[in-house]
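Bear in mind that the values in this text are calculations on the coordinates, not laboratory data. Keep in mind that this is a model prediction, so the values were computed, not measured. When we count neighbours, we look across all protein chains shown, and the Cβ atoms used for this are built from the backbone with ideal geometry, even at glycine.
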Amino acid sequence: MEYAALVEVYERLAGTQSTHEKTAIVAETLAETAHEDLPMTAQLLRGTLFAPWNPAELGVSSSLATRAIERATGVPAEEVEADWRETGDLGSAAARAVERAVQQTLVSETLTVEGVYADLRELAGYEGTGSEDRRVDTVAGLLADADPDEAQYVVRTALGHLRLGVGRGTVRDAIAAAFLGGDPDEPGETPEADVQAVERALQVTNDPGLVAQTAADAGRPGLADLDLEVGRPVEVMLAEKADSVEAAVADTLETSSATGGADSGDADPTAPPAPLSEYKVDGFRAQVHFAAGEHGDGATGPRIFTRRLEDVTAQFPDVVDAMDGFDADSYIVEGEIVAYDPDTGEPVPFQQLSRRIKRKHDVERLVEAVPVVLYLFDLLSLDGASLLDRSLVERVDALEGRLTERERGLERMPNLRSREPDRVREFYEAALAAGHEGLMVKTADAAYQPGKRVGYTRKVKPTMESLDLVVTRAKWSEGRRSNNLGRLYLACRDGDRFREVGRLSTGFTDDQLAELTARLEPHVLEEDGRAVDLEPTEVLEVAYEEVQESPKYDSGYALRFPRFEGFRDDLDVGDADTVERVESLYEGQ
Ligand code: AMP
C-alpha cells in the first residue's frame, strides 16, 4: 500500500475533532486493510511501531530528526529549527523543508506503508558507534522520497508523537464497528456488547492487531477465546479508594458474590468469605512472566513488566534471580517491587526506586545501592492455565503454595484474612507503623478483572495524601530560572478530558526543574508569549495543604500550596487522579 494513502487517512483524522468521526475513519481504514497488514495498520494509526511491552526504542530525538531533515532537503538545521519554533511541530517544519528542498534526489521512489514501517522499526536495532549517523541516514532516506505531507507524518511517527487523537478507546470502538455484527437497523451505532468483547480481548492481549484479526476471522466467540499468554503483559486490575478501614471491609463484603462460606472459615455458611487485607506498599507494580525454555526472541528467564506494560527486566537482575524462589514451569505473577534502605531495612519512598526503573546502565551498582524486595500478591496464570476466572483466595493459595524460598528479595505481601473491622484496623496501623502506605482490602471470591477499576480491591490510606496530576499548560520563568518552564498548570482527569486544579511552582530543585523543562518542551503545542500549551504527557505527584472550591480552574477546585513531590513515571496520563477524587478529598477534609 502506498504511504500516501495512509497519509490521506491521517489528514482526515487531523481534520476532525469529533471522536465519533475519528472512530468511523479508523473503522473504515481497518475494514479495508488486508488481513495480514492489520497489525501494522493498527499500530501506525496510533503512531506506534512496536507492541507496548516491547522495550525497543527508535532513538530519534528532535535534534536527530532535524539533522535528517537537513540531510534530506539541504535546508539548514537553523531554518528547520526556526520553523519548528514557529509551528510547534517538527513534522510541519519537515513538510516545509521538503517543499523548499534545494537538493533534488535523482531518483525518487514512491514510499510504501510497508517500507516506512520496516525502515523505522529498523532504527531500534542500530547499536554502537556510528548508530546515530545511521539513524540520521535512514530517516533522511525516507524524507528524500517523501512529499511534504508524507514528510510531516514520517517525522511525527519517528518522534513518537502522531498527535491525531487516536487513543486506545478509538481503536477499540473502531475494531468493534469494522468487524463485529453491529446492529443492522442502526448502522453506525456499535452495540455495547461488541465493544465489551473487544475491550476484554485488548485487556488480556494488549495487541490491537491480533484483536482486529481475530474479530475479523472469528467474531465475538473468537475474541472470547483469546486468553493470557506468558510474555504478553495483561492490563492490571486497579483499586478504588475507601474512606476508612471499616468502609473498605463493608464494601468488599458487599461485592462478594458468594453466599457460601467455603473460604471464610466461618461458622455461618451463608456469610460471604472474609476479605483479604494486605499491606499497601509504596513501590511499583510488577507483572512477572516466565515459561521454561526460550521466548520468541531467543531470550530465557523471567520477564518483568510495569503497570504501563514496559519491559524492565534488564534493570532488575536481582528480581529475576529472586524469582528462583517461585516454583513453577510457567507463571504470570503480580507484586509490588519496593526499595529499602540497606542500613535500616526500612522501606524508602518511590522516588528512590524510580532511579532504578529508568537507568539502563550502571545496573549492577544500583542493585547494590537501592536493594529491592518483590512482594507477591497475585497469580494470573500457572503451568499454562489461566487463573483469571478463579477467586482471589484460590489464586493466592496457589501463589503461596509455590513460593518455596522467601529469601533474597522475594516475599508474600503481608496479609490478613478477617472480617472483623477491629482486627483489620490493627493490621492497618501495623502497616503504617512499618512505614508502608496503608492497606488494600480485597474481595475474597472475586475473579481477576484486567484493566478495570472495580470494587474488588479497596485502598485505604491516611487522608491528605498526594495527588497524581497531569501538566497541561506552563509558563517560562523569569529571573534566575528563566530558561525553565517554572509555573505548571495541573489537571485531573474528567472522563477523557483534563480539568485544571491549580498551579505549581514550588517543591522542585533546580535539577528537577531543568529535567521537567527538558521533558515538557518537546510536547509544546502552542506558545503565546511566556505561556505554553502542552500535550498532556507528564504525571507529577503533588502534595498540598488543602482542597478549596474555586471558580478559577475548570475543575471547580483549587489546591492550596501545592508542591512537587516527584515524577510518576510509572503512571500514564490515563492513571492520573480524577475530578471525583479531588471532590471526595474536598468533602473529606
Ligand atoms: P494507587 O496507585 O494508589 O491507585 O494504588 C494501586 C497500586 O498500589 C497498585 O497498582 C500497586 O502498584 C500498589 N500496591 C501496593 N500494595 C498492593 C497490594 N497489596 N495489592 C495490590 N496493589 C498494591
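Across the chain, how many lysine pairs separated by 8 or more positions, or lying on different chains, have Cα atoms within less than 18 Å?
12
Taking a quarter of the surface of the Cα convex hull of the chain, what do you get in nm²?
Projected over every direction and averaged, the Cα hull of the chain covers 29.3 nm².
Size of the dipole of region 272-335 about the Cα centre, Lys and Arg at +1 and Asp and Glu at -1 on the beta carbon, nothing else charged, in debye to 20?
360
Bin width 10 Å, alpha-carbon pairs only: give the P(r) of region 2-50 as whole percents, running from 0 to the bin holding the largest distance.
Bin by bin from 0 Å, the calculated values are 26, 60, 14.
Considering Cα pairs under 8 angstrom that are at least six residues apart, work out the relative contact order of region 60-150 and quote it in whole percent.
Answer for region 60-150 is 40 percent.
Can you give the local net charge around Arg359? Use residues other than it whose beta-carbon is closer than 12 angstrom to its beta-carbon, Lys and Arg +1, Asp and Glu -1.
Once positives and negatives cancel, what remains is +2.
Give the Cα extents of region 238-457 along the principal axes, in whole Å, largest first.
The Cα atoms of region 238-457 stretch 55, 39, 29 Å along their principal axes.
Using the Cα centre as the reference, give the magnitude of the dipole from point charges on the C-beta atoms of region 238-457 (Lys, Arg: +1; Asp, Glu: -1; all else neutral), rounded to the nearest 20 debye.
700
Measure nothing fancy, just the Cα-based angle from helix 392-402's long axis to the longest principal axis of the chain, in degrees from 0 to 90, nearest 10.
90
Once the cut-off is 18 Å, how many percent of the Cα-Cα pairs in region 335-452 end up in the long-distance tail?
Every Cα pair in region 335-452 considered, those over 18 Å come to 62 percent.
Mind ranking 370-378, 489-497 by how tightly packed they are, going by the mean number of other C-beta atoms within 10 angstrom, highest first?
370-378, 489-497
Considering the dipole of the chain built from charges on the beta carbon (Lys and Arg +1, Asp and Glu -1) around the Cα centre, which of Leu439, Gly115, Phe377 is farthest to its positive end?
Leu439
With n ≥ 4 as the cut-off for DSSP H runs, can you work out [θ] at 222 nm for the chain, using -39500 (n - 2.57) per run divided by the number of residues, rounded to the nearest 500?
Mean residue ellipticity at 222 nm (helix-derived): -11500 deg cm²/dmol.
Round to the nearest 0.05 the FRET efficiency obtained for Glu78 and Ala314 when R0 = 45 Å and r is the Cβ-Cβ distance.
The value I calculate is 0.75.
Which whole number in µm²/s is D for region 286-395 by Stokes-Einstein, with the Kirkwood Rh taken over Cα pairs at 20 °C and 1.002 mPa s?
D, rounded to a whole number, is 144 µm²/s.
Over the chain, what is the relative contact order in percent, taking alpha-carbon pairs closer than 8 angstrom and at least six residues apart?
Relative contact order comes out at 12 percent.
If packing is taken as the mean number of other Cβ atoms within 10 Å per residue, what is the order of 332-338, 84-90, highest first?
Averaged packing, sorted descending, gives the order 332-338, 84-90.
According to the Kirkwood expression over distinct Cα-Cα pairs, how big is the hydrodynamic radius of region 436-475, in Å?
For region 436-475, inverting the mean 1/r across all distinct Cα pairs yields 13.1 Å.
Residues with beta-carbon under 10 Å from that of Ala328, excluding Ala328: net charge, scoring Lys, Arg +1 and Asp, Glu -1?
That sum, taken over residues with Cβ under 10 Å, equals -2.
With +1 assigned to the C-beta of every Lys and Arg and -1 to the C-beta of every Asp and Glu, and no other charges, what is the dipole magnitude of region 467-587 about the Cα centre in debye, to the nearest 20?
I would put it at about 560 debye.
Tell me whether region 482-579 comes out rounded, prolate or oblate; compute the Cα gyration tensor, take square roots of the eigenvalues as a ≥ b ≥ c, and use a/c under 1.5 as the rounded threshold.
rounded
Given region 384-435, report the % of alpha carbon pairs whose separation exceeds 18 Å.
In whole percent, the long-distance tail amounts to 52.
Using a 10 Å cut-off on Cβ atoms, rank the peptides 454-461, 150-157, 8-15 from the highest mean neighbour count down.
Per-residue mean Cβ counts within 10 Å order the peptides as 150-157, 454-461, 8-15.
So what is the relative contact order of region 238-457, in percent, for Cα pairs below 8 Å that sit 6 or more residues apart?
Result for region 238-457 is 30 percent.
Any chance you could give the angle, 0 to 90 degrees and rounded to 10, that helix 19-32 forms with the longest Cα principal axis of the chain?
Approximately 80 degrees, to the nearest ten.
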